[in-house]
Structures are given as structure tokens and as C-alpha cells.
Amino acid sequence: MLDRQARIEQALHALLPAAEIAPSRLHAAMRYAVLGGGKRVRPLLAYGAGELAGAELQRVDRVAAAVEMIHAYSLVHDDMPAMDNDVLRRGKPTVHIEFDEATALLVGDSLQSLAFQVIAETRLADDAQRQVEMIGMLACAGGSRGMAGGQAIDLAATGGSLSVPELEFMHIHKTGALIRASVALGARCGSALSGAQLDSLDRFSKFIGLAFQVVDDVLDADSSTATLGKTAGKDADNNKPTYVSALGLDRARELACELRDDALRALASLPEGGGHLRELADFVVLRKF
Ligand code: GRG
């Protein structure tokens, strides 16, 4: 993990425009939003899936950077006053606090565009048609049928209550879609996996995406701001429906472990039993921040 986290840091550093290049303030803010923070879960998943597919690491660097850029953009916009209105992210002031709201909007816009540039401008798959499909997959994952749609459902649900299936539907989109795309894109940088194995990977990523969100809800209820590097307890303060409000803390913790076990079962038919993705499944469920 440390090796891959260092690798993605380096790739992001190289792919983001230098702060000295005009418009400097926007470029500085993009680098502030992306570099030197975060667990890099989505890139780690892309590297894990790429490894199973026999992908060249330089190719996976690009999809790992692209999914992290989309993720970072979503955090910047989510933190803005019109959405979650938060002042702390990854242990430092949010982008609209450190810079200003207009810059934060542009940071998100620019990171989203850059993500697509990064996966479109060099060869990432042996077959050009496959690369076009990969670009389409990322577009779907980030859009109204994916992450942005999930965020819209989340905003509409605030202050009300959701059943567990409704919560699941929201999170499959809001958090799950990008996690699923991270695995799918990493795997498509190589060509060693069969269609059935790609389907198994997809099942893995759906379970792990949901597990990720259940744990996120548990940590928000059960951890401190200092440990999380973002404001803790916000879900309850904002009256947001979560797995903890629907199931209670203990059952939510159990559910996360059940989803991890489902995810591990989905890996059974893959080379090395899923390799590093097995360890990442544990990391997602056992993480403390
Ligand atoms: C603004 C279009 C748009 C979407 C926002 C992802 C998201 C949708 C909002 C973030 C709010 C949130 C707390 C979502 C729950 C799960 C999640 C994405 C947590 C943060 O991801 P981590 O834990 O963060 O991977 P780091 O900082 O480690 O990268």
C-alpha cells in the first residue's frame, strides 16, 4: 500500500498543472485539493485490479489518477456552503475556506476535465475501442446515473428518513459508482482476465463500495474530528439518514463485515484469490479514518 500510495502521489504531482503556470491561483488550488492527503482508496483499488489483469503500471497510474481527481473534485464541491458546508477536509481547511467559493467551483470543474484528459491522451488499453469504453465508464460513474445522482438523492433525503434499500440505492450511486469504476478501469488496462472474471471483479467492487459507505457512517458517528481529519458527527447534526441511524452502530458494524465477506467470496475465481484486493477489502472495513 505504501508503495502504491507513493506512486499515485508522484503521478498526481506530475499530471496536475504546476502552480507557477497561469492561472496560478486556480492551479495552486487544484494541487491543494488533490496532493498530500487522503487514503487513496480508489487508486489502490485500480492498482489491485490492474495487477490481476497483468496491466502495465504506467497505464494504471493514469486511471488511478483520473479516479482520484474525480473523487477530489466531488469532495471540494461537497464541502461548499450550497452542499455540506464544511470547513475541514483531510486535516486542513476546505478549498473554499483556504481560497474562495468561486475558486472551489472552478477547481472541481477543472479536476473533472483533467481526469478525462488524463485517460484520453495516451494509450491505456490494447484495443482502442476498449479505451473508448473506459472513458464512457468514468463518465457514467461521475454523472447523474452515478455519483452526482447519488449526491442529489442524498441532498433530497436530508432531514427525512430512508429505508435500508433506499439507503443502499443512494450509496450505490453516490459512493459506489466511482469505486466500481476504479476497479473496472484498472482491470481494463490489462488483458489477462476473462469476461466472467471481470464480472466477478464487478461484484467485488459493488460489495466493497457499500461496505466503504457503511464504515464511513460508523466512523462519522463513532470517531473524532482529529482522527478523521474532517468534522465528525455531521450526519446526526444534519439529520441525515445513515446506516447508523437506520440500523444502530452494532448492526452497522456487522453489516460492514458481512459485505466484506461477500466481496471476498466474489474474488474466489480470480488469480491469486484476488491478490491485493483481498487486503484492500480488509483495509476498507478495518480503517480508523
Ligand atoms: C459534489 C457531485 C458531487 C458529489 C459528492 C463523494 C461525495 C459526492 C461526497 C462526499 C461526502 C461523503 C462523506 C461521502 C461518503 C463517502 C466518501 C466519499 C467519503 C470520503 O472518501 P474517502 O474516505 O476520503 O476515501 P479520502 O480523504 O481518504 O480520499
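The values are calculated or read from the model by the stated rules, or taken from the named source; none is laboratory data. Given the structure is predicted, the values throughout are model-derived calculations rather than measurements. Here the Cβ is made from the backbone with ideal geometry for all residues, glycine too, and neighbour counts use every protein chain on show. Accessible surface areas use protein heavy atoms only, side chains included; no ligands, DNA or RNA. Shrake-Rupley method; radii C 1.70, N 1.55, O 1.52, S 1.80 Å.
Among the protein heavy atoms, those of Leu105 account for about 90 Å² of accessible surface (1.4 Å probe, every chain in place). Farthest towards the positive end of the charge dipole of the chain, among the residues Ser74, Leu124, Ser113, is the Cα of Leu124, using unit charges on the Cβ of Lys, Arg, Asp and Glu.
Here's the picture: a label point sits 7 Å out from the Cα of Asp109 along the beta-carbon direction, and within region 151-167 nothing has its amide nitrogen under 16 Å of it. Loop-located GluC sites (Glu not before Pro) across region 1-88 with a Cβ neighbour count of 16 or fewer within 10 Å are Glu20, Glu56, with loop assigned by DSSP. Placing +1 on each Lys and Arg Cβ and -1 on each Asp and Glu Cβ, with no other charges, gives region 150-289 a dipole about its Cα centre of roughly 320 debye. One decimal place: the segment Glu168-Ile21 gains 48.6 nm when fully extended, by the rule 0.36 nm per residue minus the C-alpha distance. Of the residues Leu270, Ser223, Pro165, the one whose Cα sits farthest toward the positive end of the charge dipole of the chain, with +1 on the Cβ of Lys and Arg and -1 on the Cβ of Asp and Glu, is Leu270.
Ignoring aspartates and glutamates fewer than eight residues from Lys230 along the same chain, the ones with Cα atoms less than 16 angstrom from its Cα are Asp78, Asp79, Asp84, Asp86, Glu98, Asp216, Asp217, Asp220, Asp222.
The accessible surface of region 2-286, taken with every protein chain in place and a 1.4 Å probe, is 54 percent carbon and sulfur. Solvent-accessible surface of the chain, averaged per residue with a 1.4 angstrom probe and all protein chains in place: 43 square angstrom.
Using just the alpha carbons, could you tell me how many Å³ per residue the convex hull of region 104-194 encloses?
100
When each of the peptides 133-144, 211-222 is scored by how many other beta carbons lie within 10 Å of its residues on average, the order from highest to lowest is 211-222, 133-144. Look at the alpha carbon pairs under 8 Å that are at least 6 residues apart: their mean separation over the length of the chain gives a relative contact order of 21 percent.
Computed on protein heavy atoms with a 1.4 Å probe, the accessible areas place Ile70, Ile172 in the order Ile172, Ile70, largest first.
The residue among Thr103, Met30, Val63 whose Cα reaches farthest toward the positive pole of the charge dipole of region 16-159, with charges on the beta-carbon of Lys, Arg, Asp and Glu, is Val63. Summing Cβ point charges (Lys, Arg +1; Asp, Glu -1) relative to the Cα centre of the chain gives a dipole of roughly 360 debye.
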